[in-house]
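Novice: Sharing a structure, written as structure tokens. Questions coming.
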Amino acid sequence: MILPLLRNVLLLSTLFALGACATSAPVATSTATPADTSKVRNSQAQTGQAGTVEDVSRYRPTFPAPKEPVAPAPKPVVAPTNHVNAQIEQRLRDQAYTNQNVKYAQGYRILAYVGLEREKAMAVRRAIISRYPDETDYLTFKQPVFRLHVGDYLTRLEAEQAMMRIRPLAPKAELESMQVLLNKAAY
């Protein structure tokens, strides 16, 4: 029984001795301070507290000063003469004539009504035309369904704006992509 107690006392005294050594040791910094490479020495280096400082300015690279940018010489402006010749003008006229004959394009129409009752389709049509007389309507009947399409719009944005106007009159209105008439004024 005395042997384990003696061993514990020896271990405990060794532990205290090591602890005392650790607390009395000089404190060392964990990070090394970089060497001073500036030409101007600080006050500690002048007094000799930080030790000697080595001048490393001779190892620094030196670069020549940048040259002044030279402005490019302005180029003379040449006025165009006869830049569109007769052949190009003729081809442009031909293309314009061909484009006048195009009647349909891919666009959007608003499907305002789909149903079996003709009276309801006509009522929605009258409400839309009375409120917006410029809108074109297309009432089709494919047995047994009546379909009422409104407007000819080339872009989806135009169709969405018109649908927001028509929505109070036809709450179930939706957009459909289809061929639309281009030159309404010509017919």
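The values are calculated or read from the model by the stated rules, or taken from the named source; none is laboratory data. Owing to the predicted nature of the structure, the values given are computational and were not obtained by experimental measurement. Here the Cβ positions follow ideal geometry from the backbone for every residue, glycine too, while neighbour counts run over all protein chains shown. The accessibility values were calculated without ligands, DNA or RNA, using every heavy atom of the protein model including side chains. Shrake-Rupley method; radii C 1.70, N 1.55, O 1.52, S 1.80 Å.
Novice: Being open to solvent by 100 Å² or more (accessible area, probe 1.4 Å), closer than 26 Å to TYR153 by Cβ and at pLDDT below 85: is that true of GLN100 here?
Specialist: yes
Novice: Follow-up question, since we're still on this one. Does LEU111 meet the test of being closer than 14 Å to SER177 by Cα, modelled with pLDDT of 95 or more and open to solvent by 70 Å² or more (accessible area, probe 1.4 Å)? First the steps, then the outcome.
Specialist: Numbers: closer than 14 Å to SER177 by Cα: yes; modelled with pLDDT of 95 or more: yes; open to solvent by 70 Å² or more (accessible area, probe 1.4 Å): no.
No; evaluated as a whole, the condition is false for this residue.
Novice: Looking only at segment 143-187, which residues are within 11 Å of VAL114 (Cα to Cα) and assigned to a strand (DSSP E or B)?
Specialist: Quick first cut of segment 143-187, residues within 11 Å of VAL114 (Cα to Cα) only: 144-149, 170, 172-174.
VAL145, PHE146, ARG147, LEU148, HIS149, GLU174, listed by residue number.
Novice: Which one of these does VAL53 not meet: (1) modelled with pLDDT under 55; (2) open to solvent by less than 90 Å² (accessible area, probe 1.4 Å)?
Specialist: (1)
Novice: How about segment 66-95: which of its residues are open to solvent by less than 90 Å² (accessible area, probe 1.4 Å) and part of a helix (DSSP H, G or I)? Working first, answer last.
Specialist: Step one: list which residues in segment 66-95 are open to solvent by less than 90 Å² (accessible area, probe 1.4 Å), which gives 71, 73, 79, 84-86, 88-90, 94.
Across segment 66-95, the qualifying residues are ALA86, ILE88, GLU89, GLN90, ASP94.
Novice: Going residue by residue through segment 116-134, is there one that turns out to be part of a strand (DSSP E or B), surrounded by 19 or more Cβ atoms within 10 Å (Cβ to Cβ), more than 32 Å from the chain's Cα centre (by Cα) and in contact (Cβ under 8 Å) with a residue 24 or more places away in the chain? Before the answer, list the steps.
Specialist: Going through segment 116-134, the residues part of a strand (DSSP E or B) turn out to be none.
No, the conditions are met nowhere in segment 116-134.
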